[in-house]
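Take a look at the structure set out below.
The values are calculated or read from the model by the stated rules, or taken from the named source; none is laboratory data. Computed from a predicted model, the values in this text were never measured in an experiment. Here the Cβ positions follow ideal geometry from the backbone for every residue, glycine too, while neighbour counts run over all protein chains shown.
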């Protein structure tokens, strides 16, 4: 018997383990619940410290099938102190959780897909699938190839070309849908009713979503088994922020960290901000929106976990912000120029919202704050189109370069002794 | 005046397996009444105790979320296709 099973988040009905995302009784989402006492002896700081540096070091708190052998070292991305960006934002206790370098496909989605595919195999699916705004598509395609699944990927037709190419290259079948992500997602719900496929974010969703907890486990372990005061998390479907909270709660339950209140802050693009709008207007429910933002990986107008994200944020005493497209582009550049991290549009949203939260005094500068950077800038370079001019070529001669230097340095250089 | 409603797999055990129904409801309230009458077991799955549409049940009219059409009060047009879709539904074992 597994030490975990699906339970309805609202009525509590237990569903065992099966490819299913909702409770038939009340339509509410299912969530993986664990027998914590069964893992208490194995899940200790000391035992975890002896394991390889990847997300599988937290296996006891992931819904993995018995005898599961991971095929990829996913996760355990750097938690970087960010003094330069911190200076810009007015704090000296800023950290970046850098999933822009998560393996194998450079986004935090590698974590969720790794867990989902373990269950896809256990449930006997030969085809895996997803609706995606891009990063998930890349990850499902890559990990399906690695693990010998066929992959069918459904995306909104207007996705960034790099994200489409980064899916096709793995041999996945990419179906472009003339519609928004929300329409793609609804279609996938219908397809999952008809075809026996493992849709990672539909019928495998409860398992898939648990993979996000590893972001929270890693933050705590990398801070020396302490919880931060604040976490700033980008929100699309709203699942990640709730799972980081679940991870922190579980570490407290199992005694790996001292109990402590953590404030959760959500970040969205103003052109698609159903969760942050609900929080700012004091509503507990989502009013769906039609997305209009270049932050396509966050462009979900009807977020599946929006209700729970609102709850997690407001209960923690946190807040949610949103930024315009020019602000998020500016923030991509800020993060790159201050810390040498090139993030995608969603990361620009996170940094931009953090800047606002500090300015508004919602995050105190003397508190430890972690910004979750969830994706890589190489996938959304078109967001920076027009930001940099192409340099005119010069001849390969020293004299040419000296002349070039004279012409370029219009700002007088101060030479420090 | 005739509309079609598609019932998702998750609900078909309350409809004797019926997945599609034609009726002449003018709006969502009337449609739910028709369904209540035809499939009494379905009733508690569509609305909560307070009579509100269940939080995790989405209603689409011709592929458009009914909330973008003015909400549950929207007046159906002849030939409209109504989809009831749990928000993260799907799955065939």
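Okay, here's what the table says:
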read-out	value
Test: residue in region A:265-285 that is touching a residue at least 60 places away in the same chain (Cβ under 8 Å), under 18 Å from residue A:307 (Cβ atoms) and within 14 Å of chain B (Cβ to nearest Cβ)	no
Hey, residue A:20 outside any helix (DSSP H, G or I), outside the structural domain of residue A:133 (by TED's automatic domain parsing) and either surrounded by fewer than 15 Cβ atoms within 10 Å (Cβ to Cβ) or within 23 Å of the chain's Cα centre (by Cα) (or both) or not	yes
Matching residues, region A:32-59, being surrounded by fewer than 19 Cβ atoms within 10 Å (Cβ to Cβ) and in contact (Cβ under 8 Å) with a residue 60 or more places away in the chain	A:36, A:39, A:40, A:44, A:45, A:48
Exclusive hit being surrounded by fewer than 23 Cβ atoms within 10 Å (Cβ to Cβ) and touching a strand residue (DSSP E or B) at 6+ places or on another chain (Cβ under 7 Å), set A:224, A:179	A:179
Residues of region B:35-51 that turn out to be within 13 Å of the chain's Cα centre (by Cα) and either at positive phi or free of Cβ contacts under 8 Å to residues at least 12 places away in the same chain (or both), as a count	3
For residue A:173: the one exception among (1) over 25 Å from residue B:10 (Cβ atoms); (2) touching a strand residue (DSSP E or B) at 6+ places or on another chain (Cβ under 7 Å); (3) crowded, with 16+ Cβ neighbours inside 10 Å; (4) not assigned by TED's automatic domain parsing to the domain that holds residue A:300	(3)
Number of positions in region A:291-309 that are touching a helix residue (DSSP H, G or I) at 6+ places or on another chain (Cβ under 8 Å) and more than 12 Å from chain B (Cβ to nearest Cβ)	9
Count - residues of region A:312-323 that are within 10 Å of residue A:238 (Cβ to Cβ) and either within 11 Å of another protein chain (Cβ to nearest Cβ) or surrounded by fewer than 24 Cβ atoms within 10 Å (Cβ to Cβ) (or both)	1
Residue in region A:345-368 that is free of Cβ contacts under 8 Å to residues at least 60 places away in the same chain, within 22 Å of residue A:133 (Cβ to Cβ) and either surrounded by 13 or more Cβ atoms within 10 Å (Cβ to Cβ) or not assigned by TED's automatic domain parsing to the domain that holds residue A:139 (or both) present	yes
Scan of region A:23-41 for residues that are over 20 Å from residue A:207 (Cβ atoms), assigned to a loop (DSSP other than H, G, I, E, B) and more than 14 Å from chain B (Cβ to nearest Cβ), ordered by number	A:40, A:41
Selection status of residue A:288, within 14 Å of chain B (Cβ to nearest Cβ), in contact with a helix residue (DSSP H, G or I) (Cβ under 7 Å, 6 or more places away or on another chain) and crowded, with 20+ Cβ neighbours inside 10 Å	no
Enumerated helices (runs of 4 or more DSSP H) restricted to region A:323-417, each holding at least 2 residues that are farther than 17 Å from residue A:267 by Cα	A:325-339, A:398-408
Residue within region A:51-62 that is away from chain B (no Cβ under 14 Å), over 18 Å from residue A:213 (Cβ atoms) and under 20 Å from the mean Cα position of the chain (by Cα) present	no
2 or more residues out of contact with any helix residue (DSSP H, G or I) (no Cβ under 7 Å at 6 or more places or on another chain) and within 14 Å of chain B (Cβ to nearest Cβ): qualifying helices (runs of 4 or more DSSP H) within region A:121-196	A:181-194
